[in-house]
Amino acid sequence: MPRLTVVVPAYNESAVLAAFHERLSKVLDQLPLDCDVLYIDDGSRDDTWTIMQSLATADPRVGTLKLSRNFGKEAALTAGLDHVDADAAVVIDADLQDPPELIPQLVEQWRAGYDVVYATRSARAGETGFKRFTASAFYRAMEIMSDVAVPRDTGDFRLLSRRALAALSQLRERQRFMKGLFAWIGYRQTAVKYMRDPRLAGKTKWNYWRLTQLAIEGITSFSSAPLKLATWTGLAASVLAFLFGLKVLLKALLHGDPVPGYPSLMVVVLFLGGIQLLALGVIGEYLGRNYNETKQRPLYFIEEEHLPATRTTIHTEATPQR
Ligand code: UDP
Ligand code: MG
């Protein structure tokens, strides 16, 4: 029977984890597949790990991984996917915002020959208008600036075939914008629509600061357009400044220079200073990322690892190096 592994990253999810597993097991029981679940504790500070252990004791399909600290969702996901040895993997959030009941539909598309089946939400319940607006602005910016189309209104909830998993595991970059990476590998991709529920319990780890970071991550990982933007604005500003300088010079030659010209001087200085700082900032963002990549650090460390008892072959490469 084909095997399916469900990968669940969790950070401080003690409030929902048991409820999540109950709903997930019901779905997995119905599937005509050999299923297991891999929970990744991303350095939680509550008793998420203890709960995972008790889930594993009660259900032989459950495997658990504990990272040595909080590495962030993208790294936790990568750790999980690196430990999958199955014909397909489903990535799902632990907070029940991604309904496990959708998994059979994802599987159906996979059986129909798709490699990446992503779940696209058709409603964003429980989110403010401002969040919806910023999210849509981000997707639009990504579409314009990068050459991979990141599907709109799509989280990490998706199914990956074996060859998609193999492709993804070769992308070891440190700046991991997963939605972009999933899209970048290509193969046959399709969407399944669903309604996204508000979080069942606990609260989101994505405040606006982290979301902004994620957006910058996405854009700088997949597009060098901002670097070009700096060049073009710089060029435009120089041309304008040159024309303006010409005008000032002509005026001084024809009419003399009765006023010292302080206001125009200030405008030009501040304007150019601003543009230069902006351009430096953009370059700095890329330079910083470049620095992170060159260090070639592993993406995560594993503190404890218990693979599902039902699994026959065991994949041992704990922390894959490049
Ligand atoms: N998560 C994680 N590490 C982190 C932050 C989040 O593993 O540093 C997990 C979290 O437990 C959840 C999923 O990633 O299962 C999505 O997180 P969250 O619900 O906070 O994000 P949102 O749904 O608001 O995008
Ligand atoms: Mg969530």
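From the residues in region 1-17 that are open to solvent by 20 Å² or more (accessible area, probe 1.4 Å) and hydrophobic (A, V, I, L, M, F, W, C), which one is farthest from ligand 2 (Cβ to nearest atom)? Can you show your working first?
Taking region 1-17 first, the residues open to solvent by 20 Å² or more (accessible area, probe 1.4 Å) are 1-3, 11-12, 14-15.
Those still in the list that are hydrophobic (A, V, I, L, M, F, W, C) too: 1, 15.
Working: M1: 31, A15: 12 Å.
Among residues in region 1-17 that are open to solvent by 20 Å² or more (accessible area, probe 1.4 Å) and hydrophobic (A, V, I, L, M, F, W, C), the one farthest from ligand 2 (Cβ to nearest atom) is M1.
I'd like the residue in region 182-192 that is in contact (Cβ under 8 Å) with a residue 40 or more places away in the chain and outside any helix (DSSP H, G or I) and, out of all such residues, is surrounded by the fewest Cβ atoms within 10 Å (Cβ to Cβ).
Step by step, filter region 182-192, then rank; the result is Y187.
Please give the number of the condition S68 fails out of (1) of a type in the set (S, T, Y); (2) touching a helix residue (DSSP H, G or I) at 6+ places or on another chain (Cβ under 9 Å); (3) touching a residue at least 24 places away in the same chain (Cβ under 8 Å).
(2)
For region 201-218, how many residues meet the condition of being at pLDDT 80 or above and among the β-branched types (V, I, T)?
2
What tally of residues in region 154-196 results from selecting those that are over 22 Å from Y286 (Cα atoms) and among the basic types (K, R)?
6
What pairs come out if I take residues in region 26-52 that are over 16 Å from A15 (Cα atoms) and pair them with residues that are of a type in the set (S, T, Y) and crowded, with 23+ Cβ neighbours inside 10 Å whose C-beta lies under 7 Å away, six or more apart or interchain?
Close Cβ pairs satisfying both conditions: D36/T5; L38/T5.
Of the residues that sit in region 149-164 and are part of a loop (DSSP other than H, G, I, E, B) and open to solvent by 20 Å² or more (accessible area, probe 1.4 Å), which one is nearest to ligand 1 (Cβ to nearest atom)?
First pass over region 149-164, keeping only residues part of a loop (DSSP other than H, G, I, E, B): 149-153.
Subset that is open to solvent by 20 Å² or more (accessible area, probe 1.4 Å): 149, 151-153.
Numbers: A149: 20, P151: 15, R152: 15, D153: 12 Å.
If we take residues in region 149-164 being part of a loop (DSSP other than H, G, I, E, B) and open to solvent by 20 Å² or more (accessible area, probe 1.4 Å), then D153 is nearest to ligand 1 (Cβ to nearest atom).
Considering only region 165-181, I want to know if a residue exists there that is at positive phi, modelled with pLDDT under 80, open to solvent by 20 Å² or more (accessible area, probe 1.4 Å) and within 13 Å of the chain's Cα centre (by Cα). Walk me through how you get there before you give the answer.
Quick first cut of region 165-181, residues at positive phi only: none.
Checking region 165-181: not a single residue is at positive phi, modelled with pLDDT under 80, open to solvent by 20 Å² or more (accessible area, probe 1.4 Å) and within 13 Å of the chain's Cα centre (by Cα).
Go through region 85-100 residue by residue and tally those that are more than 19 Å from the chain's Cα centre (by Cα), at pLDDT 90 or above and open to solvent by 20 Å² or more (accessible area, probe 1.4 Å).
Total meeting the criteria: 1.
How many residues does region 41-80 hold that are buried (at least 20 other Cβ atoms within 10 Å of the Cβ), hydroxyl-bearing (S, T, Y) and under 22 Å from D29 (Cβ atoms)?
1
Scan R121, R140, R69 and give me the residue that is of a type in the set (D, E, K, R), on the phi < 0 side of the Ramachandran plot and within 16 Å of ligand 2 (Cβ to nearest atom).
R121
What number of residues within region 72-118 are within 11 Å of ligand 1 (Cβ to nearest atom) and either assigned to a strand (DSSP E or B) or touching a helix residue (DSSP H, G or I) at 6+ places or on another chain (Cβ under 7 Å) (or both)?
6
Yes/no per residue for (1) within 25 Å of M142 (Cβ to Cβ); (2) at pLDDT 80 or above; (3) in contact with a Gly (Cβ under 8 Å, 6 or more places away or on another chain):
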site	(1), (2), (3)
W232	yes, yes, no
A237	no, yes, no
P263	no, no, no
N292	yes, no, no
Y300	no, yes, no
T313	no, no, no
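Yes or no, residue by residue, for (1) within 18 Å of L96 (Cβ to Cβ); (2) touching a Lys or Arg at 6+ places or on another chain (Cβ under 8 Å):
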position: V8; (1), (2): yes, no
position: A15; (1), (2): yes, no
position: H21; (1), (2): yes, no
position: P32; (1), (2): no, no
position: D41; (1), (2): yes, yes
position: Q53; (1), (2): no, no
position: P60; (1), (2): no, no
position: K66; (1), (2): no, no
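Given the structure, is I283 closer than 30 Å to P60 by Cα, open to solvent by less than 90 Å² (accessible area, probe 1.4 Å), at pLDDT 80 or above and out of contact with any Phe, Trp or Tyr (no Cβ under 8 Å at 6 or more places or on another chain)?
Answer is no for this residue.
Here is a list: R69, R121. Which entry is in a loop (DSSP other than H, G, I, E, B) and of a type in the set (K, R)?
Going through R69, R121 in turn, just one is in a loop (DSSP other than H, G, I, E, B) and of a type in the set (K, R): R69.
The values are calculated or read from the model by the stated rules, or taken from the named source; none is laboratory data. Since this is a predicted model, take the numbers as computed values, not measurements. Cβ atoms come from the backbone with ideal geometry, glycine included; neighbour counts cover every protein chain shown. We work out accessible area using only protein heavy atoms, side chains counted, and drop any ligands, DNA or RNA first. Shrake-Rupley method; radii C 1.70, N 1.55, O 1.52, S 1.80 Å.
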